[in-house]
1. Those residues that are touching a residue at least 24 places away in the same chain (Cβ under 8 Å) and more than 14 Å from chain B (Cβ to nearest Cβ), I need them from the range A:1-40; list them, please.
2. Within the range B:134-161, restricting attention to residues that are touching a helix residue (DSSP H, G or I) at 6+ places or on another chain (Cβ under 8 Å), free of Cβ contacts under 8 Å to residues at least 60 places away in the same chain and of a type in the set (D, E, K, R), which residue is surrounded by the most Cβ atoms within 10 Å (Cβ to Cβ)?
3. Residues B:V158, B:V180: which one is in contact with a strand residue (DSSP E or B) (Cβ under 9 Å, 6 or more places away or on another chain) and either outside any loop (DSSP other than H, G, I, E, B) or not assigned by TED's automatic domain parsing to the domain that holds B:Q38 (or both)?
4. In the set B:L315, B:L330, B:L400, B:L326, which member is crowded, with 19+ Cβ neighbours inside 10 Å, farther than 30 Å from B:E270 by Cβ and in the same structural domain as B:E293 (by TED's automatic domain parsing)?
5. Taking the residues in the range B:374-396 that are assigned to a strand (DSSP E or B) and not β-branched (V, I, T) as candidates, determine which candidate is nearest to B:L339 (Cα to Cα).
6. Could you check the range B:192-225 and list, in sequence order, the residues that are surrounded by fewer than 18 Cβ atoms within 10 Å (Cβ to Cβ) and in a strand (DSSP E or B)?
7. What are the residue pairs meeting all of these: first residue in the range B:231-243, first residue free of Cβ contacts under 8 Å to residues at least 60 places away in the same chain, second residue assigned to a helix (DSSP H, G or I) and polar (S, T, N, Q), Cβ atoms under 7 Å, and 6 or more apart or on different chains?
Amino acid sequence: MLQHLFPEQSCILDMYNPKKLQGKKLRGLRITTDNLENIPEEINYLSITINDPKKLLNKIDELKRNRFVELLLPIEHYSPELLPKLSGIKRLVICANNNEDLNQIFAEMIANRFFPLVKGRKDVPLEQQYEYYENPHNWL
Amino acid sequence: MFRWSSNTNTMKILIIGFNVQADVFPLGPAYLKTYAQQYHPEIEIEIKEFSFGNRYSYETNKNVELQALSYILLTKPDVVAFSSYIWSGEMVQDFAKAIKQINPNIITVIGGVEAVKEEGIDFVIKGEGEIAFKELIDHLKGERKLEDVHNLNDAPQVSIETLDDLPFPYKINLKKDYDVVRLETARGCIFNCNFCHYAQPPLRYFSLDYLKENIAYLFENYTFRNLTILDANFNTDKDRMFKILDFIAEYAAKNLKVHFELRPELLDEESAKKLSTYNFKIATELGLQSTDEEVLKTANRPTNLNKVKEALSLLEKYHLNYKIDLMYGLPKDNFFKFLESMKFVILNAPTQNKVVAHHYMQLNNTTFAEDDITRITPEHSSMVIKTDTQNVLDLYKTKLFVDMINEELKLFK
């Protein structure tokens, strides 16, 4: 989120490129759980889309060490039992589809100290919509 | 009804302090004791501090109370006095009842900003305590009618008119080394924010002569690493502030840290520059609370944000240590207004490594206490859970959001 407040100090890439990260304070990478190997140490921000929760859990301790980790969790992979295992993850975003009742999920997120963010839904309070924070104009 | 009756000639009073932070000089009890003993030198007044420490565990931990009750049982005071503050308001009610259970003859006195009459409490001191505490002793000795004791129960409230009449509280027989000592150079506040009760007693100052003499005494007789000046806005009168800091500079060691609160709009370049020249460390606090015009207006806290920006840039320019605070949950506030306040702090306070945001605690005896605001413990000052614009979920989400942003902010510091 704060890359929009500090655009000159931030770089979040889809593919690792050390030159582009040079001199940046936020050195980020967007990846999926299909590609969790060999994350360079200089990466201090990871945005991970979860395709397979097991793969994430196998590597989670290593991934979150000295990093800000954001997880994008498709609702089909959500379970309340998963949340305590995500302790130390700084941001969790539920990727929802259409008509799911999200209140119970938000309640579980709060109980696990996650700010209840959701991607893909316009019918939740604006402050919980991930897209709001992705829009740089909202940070100006 | 309550009269001291003892076979001995000496009334024994125990003033108990329940504190969050250990190793801080007990300033409030020391004021009470030194003032009262000017008039009642024969009375034995003991101050004893108990620190909460790591209070919570798997079982309901009442060890602090058990420790204090055991102390009372062994030392057999006639009177036990203690304070009720926001951090101790709930526990002292039970504590008073417990004292009566172990010995119903012990007279209990409660003071502090949260003091209310409850079961187990014989006397409630409201407002400033020195005069009331002394006059209550007069009464217990049979020298004054109860209705003539000021600031007691519902009696009219008075304040010390001339602060120099107070003996310097450090001239007391207690240990002489602390992590933190605290100093008042004034009481009251020129501002009158609706969430605060600092301004309720009139603004009064200790004279510079009093402070000069006693600051010297403090440094010559005590060792400490931190000196906290308790004034609401130390820079209300900048010439006075610098005279006091000059007194401190005469004695301060390099590793001393002096803490005080500044009103940012009153900070100018000359002041920032001079603050940076002292031979001790300075830690300043600035209360911003919000940047939203409506929130600030409702709180009766007009704030010039351009001046706040200027003050922050001066503090940065002269490498002065500072912390600027926000408060969420004030009336008329909402998530997005608070987000604007956060952005202001993040962008204008670059060396502050996190957003410091406090959940609004509604205090008794403040203007906002009369508003339609719900708090978690209705009978005590405590965290708000519903305001005109937000409910408990909104407020807790704000807390989680601040925590999340602070983690991300670490990457930029």
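The values are calculated or read from the model by the stated rules, or taken from the named source; none is laboratory data. For clarity, every value in this text was computed on a predicted model and none was experimentally measured. Backbone-built Cβ (ideal geometry, glycine too); neighbour counts: all protein chains shown.
1. A:Y16, A:P18, A:L36, A:I39, A:P40
2. That would be B:E135.
3. B:V180
4. B:L330
5. That would be B:N391.
6. B:R204, B:T223, B:R225
7. Close Cβ pairs (under 7 Å, with a partner that is assigned to a helix (DSSP H, G or I) and polar (S, T, N, Q)) amount to B:N235/B:S271; B:K238/B:S271; B:M241/B:N235.
Yes/no matrix, rows are residues, columns are (1) among the acidic types (D, E); (2) under 30 Å from B:L314 (Cα atoms):
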position	(1), (2)
B:L347	no, yes
B:K354	no, yes
B:T374	no, no
B:T377	no, no
B:Q390	no, no
B:Y396	no, no
B:M404	no, yes
B:E408	yes, yes
